[in-house]
Structure formats: C-alpha cells, structure tokens
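Q: There's a structure below that I have some questions on.
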Amino acid sequence: MQPHRWLDTRQASDYPRYMIPLTYRARALGPLRVVDWAIPAGVSVVVGPNRVGKSTLLRLPELIKIAFEDGLNEAIKTVFDGVSHLRNLAMPASTPISLGLLWGADIEWEWDVDITIGGGEIASFPRECLREEGHLMISREFGSKEIEIEGQWRLPMNNKLIGSLARYALTDLAMQEMALPSIERFPPEVRESMERASRVAAVLFANLKASSSYRTYHYEINPLLRFGSHHSSALNLMANGENVFPLLRNWRDRPDLEERYEFVLATMREIFPHFGRVGFEQAGQTVTMTVSDRRWPEGKHIPIARESTGFITALLHLCAVASAGHHGLVTLDEVETSLHPRAIRVLIEAMRRRAASHDLRIVLATQSETVLDQFRDDPSRVFVLEPKQERSPQALTELFSPEYLSQFSLGDLFAHLEFGGDDPTDP
Amino acid sequence: MALVQLITTGVMEERALGRSLQRLFPDHEFISKPHLDGFTSAPLPPQPHPRVPANLDKFAATLIGVFDPGNRRDRPRPDFLLGIDDVELFNVDDPGRIMTALRQTLERRLAEWPGNARSIDRLRLELREKVSFHVMAPMTEAYFFADPAALDRSTAPAPDRANRFNLATCDVEAFEIDDPDYLDATTDPACRWRKAGPRQGHPKRYLCYLTDPGTGARYRESDHGVRALAELEWPTVASDAQRARFARSLLADLIEMLGPLTEPVAEAITTGETHPLTWPPPPDRVLRNL
C-alpha cells in the first residue's frame, strides 16, 4: 500500500542536513532544575561546581536523541541507568520531569514531553506536545493511545514519541488502514500543517542524530592499551574509545574519510612536536598501533601500550571530534584530564578550526582554569551552571560585562569563585 | 549591618581573619573569597614578565573589580572591601615599597580600565570610600606571640621547646628572636624551620621550631593557625600604645567603617599609635587608606 500523498515518508537521513538553532530543555531531571540550553556553533565550554549537573547537561542531547530513536525508556536506561532517583529533589513535586526542544529560525517550533514514572519504569504514552509559533499542533494526553491534531482531529498513535514523527509516526500512520479514512476527512489546512510538522521534525531529527557524547573518564584506556581494539569497520569512535585503532585505519584507507585521519595526525603532531608516524598491526581480530618519534633512529617505534596517558587521551579526543560529520554536535566531559596546558591550548584551537570547517558544535565541560582561559576572546561561549540559577546554564556574559571580563583571566575568576563555584557568601 | 569582604593571600587568613574580626564587630558580617597569591614574597616592585601577569597586578585588579559596574549583579556587593597581605621579609626594611607598588599598580590599572569618564570617576570614588589595604607585619603569626591564648592554640597541645620571644622588649611587628638553638641550627632542607632562608624575623618558622619535637614541626597554618587566628584577642595584641601599629591601623580603619566598639575594648585599641603608611588616610588617596 502506498503512503498517502501528503505524508512525508522520507527517512531523516534523506534530508539535507544543516545546522538549525536548537535549544535543549529539561525540567526537574536528575541534578538539573530548569535547563534552557542553546548551544552555539563552534566550541563552547560548561563550568560549574561539582554536583551541579554538568555531566548530565552534556548528555542531554544524547538523551533526547536516544528518546527519538529508541523511546524514552531506553534513553533513561542508557543515560541514567534507570529511573531511580531521576527526579530533582530541589524542585516542587508539582513540576513534572520533562524534556523538550525549541528550534527553528523563521518559525519557532517547540516540542515537550513529560517523563512519568510508574512501576519502576517510564510510563507508556507520555504527555507530549508539538507547537508551532506557540500554537498547539499535535498533542497527546498522558496515557492516551491517540494524538490530537489541531485540538480536534484524533488519530491512533503507538508509544513512539510524536517528536520523532518524521521517522516513525506518520509513516506508521500511513500504513494503518484504520487511520487512513480519518486522515482523508482532515481539511486541507490540517494536512498542510501535518506535512510541515513532518518535514521540520525530519530536519530536527537529522540534527539530533548527528550528536555524540564522550566522557574522558569513560575512555577505557588501560584495556585499550593492553589488549588493543577488536577489528571493526566502524567509522565513528565508540563512547569508551575501544575501537580507536581500526577506526583510524579505516579513515586512512577510505578516500572520503582520509581527511579525518589527516586532521587527527596533524593535530597530534602539533600537540606532541616530536611525534613521528603511526603504524597499525593486526593479529587475528585484534588491531593495535605503533608510534615513532622523530628523535629516534629511523625505523624505530614503540607499541601504543608504551605511550603516555596524555598521548592516548588527546588521540581519543581528536577521534571523537573527527567522528562528527558536518553539522554535528560533540560533547566532551573533563577534556583537560591528563593533558599539559600547552596540549590543551593546541587541542582547543584545533577543535575551533574543525568546528569552523565542518560547521560543528563542540561543547567541553571542565574544571580547568587553562581550558577557561582559552575563551578569553569570546566569553559568551562560556556557560555557567550554579546551584541557585533560575535557568541554567547562563552565558558568562549574562553575569558580567565583557569589559569587566577583559580585565581578568577567566581561569582566575573561576578559581576565585566569582562564577561557577559554590558561593561562600551564600548560606 | 555592613558586609565586609576580605581579599587575603593565605589559607589561614582566608579561613579565620574574618571570624576573628567578626568577634570585634558582631553586628557586621565578614566574608572571605578564596585567597589570592601574595605579592610581597619578593622584593618590590616586581620584575615585569612579558607573558605572565604579576601577583601584584592580579591583586590590584581584584580590588578594583569588586566594585566595577560590570561585575555580576545577582550576588550582593560588599559594603566594604579589605585587602590584606603580609609584609614578609623581603620588604620589611621598607614596607613603604609595598604601598607604593600597590598604589602605582592600582593607578595604572585604573588608567587602562574600560569605561567612560563618568563610570571610571564613580569607580575611583567607590575605591576611595570602600576599599582598604592593610598588612600583617611581618606576617600574621607574629600576632600570636602577643596573645598568650593564641600562642597556646598555635602550639597545642603544648610547645615542644621553650618560647624565647620576649614580649616585654619586642614589638611583634618587628619580630626578633634571641634564641641560638633556633638561629644557629644547621640547615636541613627536609626540616620546615631549618631549610634555607632567613630565620630571624620569621614568626612562622619560629612556631615550627617551637612545635618540633625533633621529628618534624606540628604547626600547620590551616589547622593550628586557623584556630589561633579565629580566636585572636585584638585588644590584647593592640594593648601597648606604641606597638602593633599596622594592626592598630586596620582596627582604626574598621572602626571608622563600621562604628565604635564597646568602650573597654575601644580604649585599648584607639589610644595607641597607628602606622602612618596605612592609617590615617593620605589626602591624595586611591583607596580609603592608600
């Protein structure tokens, strides 16, 4: 059966990707109270005291991506290891846990979903709505197996999120013979708005899909160095970094991705000026890497297992960034771990170049004064999380004037608790 | 009630100086931000470095920045700001170098500070009315030797060696020891009071000596020092009218800021001499007292 003519059944990947202004929202979610986070293009950084929710904030794009792909239950399981203690205890009980997105340039779209917990898991058929310019287009009441279009037209709907309707809902609906007669009865203006929603959601989904999240403390460096990587045809770095060696080799051997390999190697040579060549060795299904140094005799190299932790950490960060295709979003938690201040400076500069050439959003979370000092020329890219903010995160330039900030090292202000710390004057 | 913020240069002062001053001025609140690096541990003025800002520069910028209109407005601004550093030993022969260096740096930073003429004039006025700079001479530990209870706390449970500082003849701010066991002991880089560097005039090293049973000094600024400073009896420290003049300058400044103390305490503090470098204020001042 052919889908109805007005239904846009293309997959998200069929759409040309372009970066859309996108604001991530969360309410009462884990350590996050009220989050409205518009991630700028380029490299930005998130700072704040421990226990304020930086790591959770950085995983918000991943959470929503998984929710769209595999449902809320899977998303919460992946990011939070389940539903227990999911609610922010500092928020009133009347505030539902919710996720949302705000996007669009000429026309503003808004999607929100409540996360209701029941029986130790996320309850099915959550309350959800999609708005265009504040106008409620599609909604579902909690527990309902129907969605409501334009406040009056009802259609059966499975447990997929209506936010992901470009991928699932309308295609599914088109296949439902029961639904088609209902659709036919819709007036033309409702069909048009449905089609518009479908297309906009497809572009949104394409953007969400291009996000990835890495945490330095999740890199499994010791096993990686000791046992190498399993042979793989992967083209993107896994969150724990375990496929880095075949990944680099795959990039090197594919003309369309060779520039990723070149970017990683060239930046590694900037960070480590004596770093020479890399080689790949495979024994059975295990792939590992060798490294040479330009100070050593020709032909001499060492196995990667003999390299420093800082070296492998920088390599993984660069592979994480290079894994992002055009218009992608990459978040890196604790980017400074194991890295010398100079290495940090070179790394961030390389990320900026990569972000500019590939239209990326790269977000770093840090406690490092050195990392912060790299944002002196554009403090609007520093986002501050503090416990008592009404809305998080706040750009540093919302807290201080640019003129004031120009007089200080941002790292010094951070260390002196002028921002991003537990204020000792606050009882 | 006034809010007085302290900018200190040591962990002990950060944690305890406000508490100690609050005991004198219980109706007001004293708060400390994390301490900065001190700028007096080398001869002043500092040698300029092409890429690294001097500690003095950071200290001056911090004093100015607290009242800059561009500073964040979602936190309460203090009514007054006190910058405090030690005289230390490198500048003890001429403490005026400290004030001169800070004043010149403040003037230079203010000349470069962004803003229009009106906002800079207003900032200068706030600095003259609300910001002070004082010194502990030669360092805060010296005052423990003027208050027996503070000395007990800093050497608790009891000193391991006899204290030969003579309070009857010596001003703690011109700290001098006549103790050959301390002064003449051989240098040992592993020992906190015998490592290379001057011992004479160094009350912190002498506290290390007093609390060293031979296995290493027990005195810790962040522990013994904090307890001693938090409970320090400033009236006792300032009880001799001709001594502890830098400390009395600080107290006189606070009295002018916050109002009079209770009478018996005030008498001991207010009848003595202040140090002319830090109180009373000069006519062409850039800060309240500088």
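Q: Looking at A:Arg345, A:Arg353, which one is among the basic types (Lys, Arg), within 14 Å of another protein chain (Cβ to nearest Cβ) and surrounded by fewer than 20 Cβ atoms within 10 Å (Cβ to Cβ)?
A: A:Arg345 is the lone residue from the list that is among the basic types (Lys, Arg), within 14 Å of another protein chain (Cβ to nearest Cβ) and surrounded by fewer than 20 Cβ atoms within 10 Å (Cβ to Cβ).
Q: Another question about this same structure. Looking at segment A:390-406, which of its residues are facing another protein chain (nearest Cβ under 9 Å), modelled with pLDDT of 90 or more and in a loop (DSSP other than H, G, I, E, B)?
A: A:Phe400, A:Ser401
Q: Something else now. Say whether the condition of being out of contact with any helix residue (DSSP H, G or I) (no Cβ under 8 Å at 6 or more places or on another chain), part of a loop (DSSP other than H, G, I, E, B) and surrounded by 21 or more Cβ atoms within 10 Å (Cβ to Cβ) is met by at least one residue in segment B:190-213.
A: Checked segment B:190-213: at least one residue is out of contact with any helix residue (DSSP H, G or I) (no Cβ under 8 Å at 6 or more places or on another chain), part of a loop (DSSP other than H, G, I, E, B) and surrounded by 21 or more Cβ atoms within 10 Å (Cβ to Cβ).
Q: From the list B:Arg19, B:Arg51, which residue is within 14 Å of another protein chain (Cβ to nearest Cβ), surrounded by fewer than 17 Cβ atoms within 10 Å (Cβ to Cβ) and touching a helix residue (DSSP H, G or I) at 6+ places or on another chain (Cβ under 7 Å)?
A: B:Arg19
Q: Whether any residue in segment B:219-235 is touching a residue at least 12 places away in the same chain (Cβ under 8 Å), in a loop (DSSP other than H, G, I, E, B) and among the small types (Gly, Ala, Ser) is what I want to check.
A: No, segment B:219-235 contains no residue that is touching a residue at least 12 places away in the same chain (Cβ under 8 Å), in a loop (DSSP other than H, G, I, E, B) and among the small types (Gly, Ala, Ser).
Q: Can I ask one more? Which of the strands (runs of 3 or more DSSP E) contained wholly in segment A:68-151 include at least 1 residues that are under 21 Å from the mean Cα position of the chain (by Cα) and at pLDDT 90 or above?
A: A:97-103, A:109-115
Q: Assess whether A:Asp378 counts as being closer than 30 Å to A:Leu99 by Cα, touching a residue at least 40 places away in the same chain (Cβ under 8 Å) and either surrounded by fewer than 17 Cβ atoms within 10 Å (Cβ to Cβ) or within 27 Å of the chain's Cα centre (by Cα) (or both).
A: Against the criterion (closer than 30 Å to A:Leu99 by Cα, touching a residue at least 40 places away in the same chain (Cβ under 8 Å) and either surrounded by fewer than 17 Cβ atoms within 10 Å (Cβ to Cβ) or within 27 Å of the chain's Cα centre (by Cα) (or both)), A:Asp378 does not qualify.
Q: Another question about this same structure. Could you please tell me which pairs satisfy a Cβ distance under 7 Å, a separation of 6+ or placement on different chains, a first residue in segment B:87-110 that is away from chain A (no Cβ under 14 Å), and a second residue that is surrounded by 16 or more Cβ atoms within 10 Å (Cβ to Cβ) and charged (D, E, K, R)?
A: These pairs meet every condition: B:Asn91/B:Arg97.
Q: Could you tell me which residue of segment B:168-189 is nearest to the chain's Cα centre (by Cα), considering only residues that are of a type in the set (D, E, K, R) and either crowded, with 16+ Cβ neighbours inside 10 Å or not in a loop (DSSP other than H, G, I, E, B) (or both)?
A: B:Glu173
Q: Test B:Arg72 against the criterion of being more than 15 Å from the chain's Cα centre (by Cα), among the basic types (Lys, Arg) and within 13 Å of chain A (Cβ to nearest Cβ), and give yes or no.
A: yes
Q: Now for a separate question. Inside segment A:263-369, counting only strands (runs of 3 or more DSSP E) that do not spill past its ends, which hold 1 or more residues that are closer than 24 Å to A:Phe414 by Cα?
A: Output list reads A:329-333, A:361-365.
Q: What's the number of the only condition in (1) within 30 Å of B:Glu129 (Cβ to Cβ); (2) assigned to a helix (DSSP H, G or I); (3) in contact with a helix residue (DSSP H, G or I) (Cβ under 6 Å, 6 or more places away or on another chain) that B:Ala252 fails to meet?
A: It is condition (3) that B:Ala252 fails.
Q: Looking for whichever is among the hydroxyl-bearing types (Ser, Thr, Tyr) and out of contact with any Pro (no Cβ under 8 Å at 6 or more places or on another chain) here; the options are B:Thr271, B:Thr211. Which one fits?
A: B:Thr271
Q: While we're here: Taking the condition of being away from chain A (no Cβ under 14 Å), acidic (Asp, Glu) and within 15 Å of the chain's Cα centre (by Cα), how many residues in segment B:22-48 meet it?
A: Residues that pass the stated criteria total 0.
The values are calculated or read from the model by the stated rules, or taken from the named source; none is laboratory data. Bear in mind that the values here come from a model prediction, so they are computed numbers and not experimental data. Neighbour counts run over all protein chains shown; Cβ positions are idealised from the backbone, glycine included.
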